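Enquirer: Below you'll find the structure I mean.
The values are calculated or read from the model by the stated rules, or taken from the named source; none is laboratory data. In this text the structure is predicted, and so the values were computed from the model without any measurement. So basically every Cβ, Gly included, is an ideal-geometry build from the backbone, and we count neighbours across all protein chains shown.
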Amino acid sequence: MSEEAPPLSGRRRRVGTMYLVHFSRPYYHARHYLGFALDLHRRLARHRRGEGSPLLAAVVDDGIELILARTWCKVTRALERRGHRSPRRRFCPICNGPRAYDSLKPRRDPVTGVGT
Ligand SMILES: [Zn+2]
C-alpha cells in the first residue's frame, strides 16, 4: 500500500508576494535571488540572518548586501515558477532600468481568476 502525497492545490493557490533580491556585488555568477513569501518582511529578515536559503546564507556570509529590487504583490507561486525560467536580470530595475517593469506580469488575478 502506497501513501499518497497531500494535495498541493490549496498551497499552490496561496496568494503572497514574489520578490527579487539584487546582490550588492556578484557572488560567483549569481547576482539575484527570486523568492515567494507570505510575509515578506519576516522572510527578508530571515535571509539577512543567513536563514532560509543556502545561496543567500553564503552571500550574506561573504559580506554582500541584499537589496530588495522589486516586489510583485498578491501573486501565487505560478508566477515564481515562470520567473525561474527566465534570467532574473531581465526583471531587475537596478540592472535593467524601467524596462524591467514590462516583463513578468501575472496572467490572471489570483483571487478572482480574471485575466489581466
Ligand atoms: Zn539586478
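Enquirer: List the helices (runs of 4 or more DSSP H) that sit entirely inside segment 47-104 and contain at least 2 residues that are without any contact (Cβ under 8 Å) to a residue 40 or more places away in the chain and either surrounded by 17 or more Cβ atoms within 10 Å (Cβ to Cβ) or away from the ligand (no atom under 13 Å from the Cβ) (or both).
Expert: Hits in segment 47-104: 54-61, 77-84.
Enquirer: Does Gly113 satisfy the criteria of being away from the ligand (no atom under 13 Å from the Cβ), modelled with pLDDT of 95 or more and assigned to a loop (DSSP other than H, G, I, E, B)?
Expert: It is false that Gly113 is away from the ligand (no atom under 13 Å from the Cβ), modelled with pLDDT of 95 or more and assigned to a loop (DSSP other than H, G, I, E, B).
Enquirer: In addition: Restricting attention to segment 8-66, which residues are among the hydroxyl-bearing types (Ser, Thr, Tyr), within 25 Å of Thr112 (Cβ to Cβ) and touching a helix residue (DSSP H, G or I) at 6+ places or on another chain (Cβ under 7 Å)?
Expert: Result: Thr17, Tyr19.
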